[in-house]
Amino acid sequence: MQPLTYLVTGANSGIGRETARGLADAGHRVLMLCRDEAKATEARADVVDTTGNDDVEIVLCDLSVQDEIQQAAYEISQRADALDVLVNNAGLVLHEREITPDGHEYQFAVNHLAPFLLTHELLDPLREAGSQGRAARVVTVASEAHRSAGSVPDGFENQEDSYRGFKVYAQTKLYNILFTRALALRLDPGIVTANCLHPGVVGSNFGREGPWYVRWFMKIARPFLTQPDEAADTSLFLATSPEVEDDTGRYYIDREARDPSGKAQDEALAAELWRVSEEATGADSWPKPR
Ligand SMILES: NC(=O)c1ccc[n+]([C@@H]2O[C@H](COP(=O)([O-])OP(=O)(O)OC[C@H]3O[C@@H](n4cnc5c(N)ncnc54)[C@H](OP(=O)(O)O)[C@@H]3O)[C@@H](O)[C@H]2O)c1
């Protein structure tokens, strides 16, 4: 297969690192978007050493800062005219409410607004790749946790003093699915597709800043959890497989398309989230929905 250009966010750890490794192993060019230079350098060296592919680059970006996302997208467009696949993988759960420099609740900003804005800023290189005969792809790592979202807060963003970190996380994972479905309606599937997935319950670094019960679960259950290399399988499948080249707007678990929750299929909710996300990011030059 001809080498393609892939961007993986949160590529220094867990599922993202294994996704980057799988892509590099297949001989592709991989851009690893990470927020910490030392961690990124170590992860890149690991991926290069284990795959023998040195066409692996770092893009530094803190996804909680919208200016950094715009700067990173600009850098990526300068380095690659065509981007074949964007894997929106970075994500986290927090136990305490934190606010980003842009004034947003942190999980909402990193887990939802960041993929929304990054995808918008990379539409041109994605379209460029997609016009070369094989549709480009946007793959977003959501979660079965979306089923625990409960009722969505006004404005989609947690404003409460009492913060239930895992519930807020679950809401952002619901937003990943709503985003994917709404994005698929805006993109010509012959040029760019958009799908999302649940990777399993994975023994990664996930949860280390989460509520005590998430940290406890991840510690106790670790030996029984899916390992990050196995967990990257569905991300790699959606990013690379010809089997899904015509699929768009779908949610996958273990390489199978599944129905997400009823709320994740609510088109009015998706439209309202889209409007709020445009306002929160200024990313508003999308194609009209089909
Ligand atoms: N683990 C699970 O059981 C599970 C289940 C369902 C879905 N998921 C989803 O899978 C994805 C990957 O998680 P994982 O399990 O691989 O966890 P992980 O090992 O903690 O990796 C998360 C990655 O996201 C990065 N990240 C977090 N905040 C960031 C920011 N502000 N800017 C840039 N990068 C940031 C982290 O960077 P640092 O290393 O610098 O923090 C790390 O590279 C997430 O979207 C998560 O929601 C995980």
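The values are calculated or read from the model by the stated rules, or taken from the named source; none is laboratory data. Just so it is clear, the structure is predicted and the values come from calculations on it, not from any experiment. Neighbour counts are summed over all protein chains in view; Cβ atoms, including those assigned to glycine, are modelled from backbone coordinates with ideal geometry. The accessibility values were calculated without ligands, DNA or RNA, using every heavy atom of the protein model including side chains. Shrake-Rupley method; radii C 1.70, N 1.55, O 1.52, S 1.80 Å.
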Sort 161-170, 194-203, 131-140, 174-183 for me by packing, meaning the mean count of neighbouring Cβ atoms within 10 Å per residue, highest on top.
174-183, 194-203, 131-140, 161-170
Counting only Cα, what are the radius of gyration and maximum Cα-Cα distance Dmax of region 95-205, in Å?
15.4, 51
Residues of the chain: accessible area per residue with a 1.4 Å probe, Å²:
43 Å²
If a paramagnetic tag sat 7 Å from the Cα of THR50 along the Cα-Cβ line, which residues of region 1-17 would have the backbone N under 17 Å from that point?
8-17
In nm, what is the difference between 0.36 nm times the number of residues separating ASP62 and GLN159 and their Cα-Cα distance?
32.7 nm
Cα-based Debye curve of region 1-90 sampled at q = 0.17, 0.19, 0.22 Å⁻¹ gives log₁₀ I(q)/I(0) of -0.62, -0.77, -1.04
As I understand it, the dipole of the chain uses +1 on the Cβ of Lys and Arg and -1 on the Cβ of Asp and Glu, about the Cα centre. Which of SER261, PRO211, GLN78 lies farthest toward its positive end?
SER261
Going by a ≥ b ≥ c, the root eigenvalues of the Cα gyration tensor, does the chain fall in the rounded group (a/c under 1.5), the prolate group (a/b larger than b/c) or the oblate group?
rounded
Distance violations [Cα-Cα > 29 Å] among LYS167/LYS288; LYS173/LYS219; LYS39/LYS263; LYS39/LYS288:
LYS167/LYS288; LYS39/LYS263; LYS39/LYS288
May I ask you to order 80-93, 232-245 by the average number of other C-beta atoms within 10 Å around their residues, highest value first?
80-93, 232-245
Please give, to one decimal in nm, the separation of the simple spin-label points placed at GLU243 and GLU230, each 7 Å out from Cα toward the Cβ.
1.7 nm
Carbon plus sulfur fraction of accessible area for the chain, probe 1.4 Å, in percent
46 percent
